[in-house]
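Only one structure is covered here, and it is reproduced in the block below.
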Amino acid sequence: MAERPEDLNLPNAVITRIIKEALPDGVNISKEARSAISRAASVFVLYATSCANNFAMKGKRKTLNASDVLSAMEEMEFQRFITPLKEALEAYRREQKGKKEASEQKKKDKDRKTDSEEQDKTRDEDNDEDEERLEEEEQNEEEEVDN
Amino acid sequence: MAEVVVGRDKCGEQRLVSLPLSRIRVIMKSSPEVSSINQEALVLTAKATELFVQHLATYSYRHGRGKEAKALTYNDLSSAAEESETFQFLADILPKKILASKYLKMLKEKDEEDEEKDDDGESDDDEAES
């Protein structure tokens, strides 16, 4: 949860890198411009969330899903983002399917600094249920929230 | 959720999103009406935010005045918010900078306008009273 106002800021270093990548080489970005873009990005997130939430509510769903976000982009007149976002979504789904093992491993390493082989096996079994995973995730997400 | 710290993805593979998902989630959750967000929606919002940052930066730079100086300034951004319809929602947080003297002049002009209106109103009242 956001406890301090700065929790609603995005990391400046990452924002700056994204700006630099988008602009031609050697363009100077003033400090003021950086922080303005960073603020704009936070507002964008809120605006997108609010729009997406409207679509979820229309669909009588409690949980925001990918299609809500895509609809929100259209509503916000950011149609130009839809194709790259769909590509990103596909890439994400592929990644979840293919690299689940690796990412789970990473996550686990972080969660608890132990990595016994037994746990690996249980994770592997989980992978068989990949297809059901996306729906499951939605539920998990809700559970996380309730807690 | 523990996110991989950005910049640690040096192991060749390009990460899908470079903004920290945990932070994006906190911002999304700060909206009171939102109850829960699934992972795909979170990833898409993060990605959309990246695209947005790129778009805002390139649009402001291309339409801005700093192009000759090879610089992106605050004014370029606030002009974008003012001129472009898609960036309109940013107008409040990217107000145009103006000189204090100009602002005072604007205030004065506005006061005068208001006074004129008030005068009209008063004269109406006067008429009604008499």
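At q = 0.14, 0.15, 0.24 Å⁻¹, work out log10 I(q)/I(0) for region B:42-96 with the Debye formula, treating every Cα as an identical point scatterer and leaving solvent out; two decimals please.
-0.37, -0.42, -0.89
Given a 1.4 angstrom probe, what's the average accessible area per residue across region B:7-97, in square angstrom? Walk me through the intermediate numbers first.
Working: 3970 Å² over 91 residues.
On a per-residue basis, region B:7-97 sits at 44 Å².
Averaged across the residues of A:87-97, what count of C-beta atoms belonging to other chains lies within 10 Å of each residue's C-beta?
3
Could you report the buried accessible area between B and A, both sides summed, computed with a 1.4 Å probe and given in Å² to the nearest 100? Please list the in-between numbers first.
Numbers: alone 10520 and 11970 Å², together 16700 Å².
Answer for the B-A pair: about 5800 Å² buried.
Give me the accessible area of A:Asp111, 1.4 Å probe, in Å² rounded to the nearest 10.
100 Å²
In Å, what is the Rg of the alpha-carbon atoms in region A:1-77, and how long is Dmax?
When restricted to Cα atoms, region A:1-77 yields Rg and Dmax of 15.5, 49 Å.
Quick one: dipole size for region B:7-97, taken about the Cα centre, charges +1 on Lys/Arg Cβ and -1 on Asp/Glu Cβ, in debye to the nearest 20.
With Lys and Arg at +1 and Asp and Glu at -1, about 400 debye.
Just counting partner chain Cβ atoms within 10 Å, what average do the residues of peptide B:79-85 show around their Cβ?
Rounded to a whole number, the mean comes out at 1.
Can you give the mean number of other chain Cβ atoms that lie within 10 Å of the Cβ atoms in peptide B:62-69? If you can, show how the numbers build up before the last one.
Details: counts 1, 0, 1, 0, 5, 2, 0, 2.
Counting Cβ atoms of other protein chains within 10 Å of each residue's Cβ and averaging gives 1.
The values are calculated or read from the model by the stated rules, or taken from the named source; none is laboratory data. Just so we're clear, the structure is a prediction, and the values are computed from it rather than from any experiment. In this analysis, Cβ positions are derived from the backbone assuming ideal geometry, glycine residues included, and neighbour counts consider all displayed protein chains. To get the accessible areas, we keep the full protein, side chains included, count just its heavy atoms, and leave off ligands, DNA and RNA. Shrake-Rupley method; radii C 1.70, N 1.55, O 1.52, S 1.80 Å.
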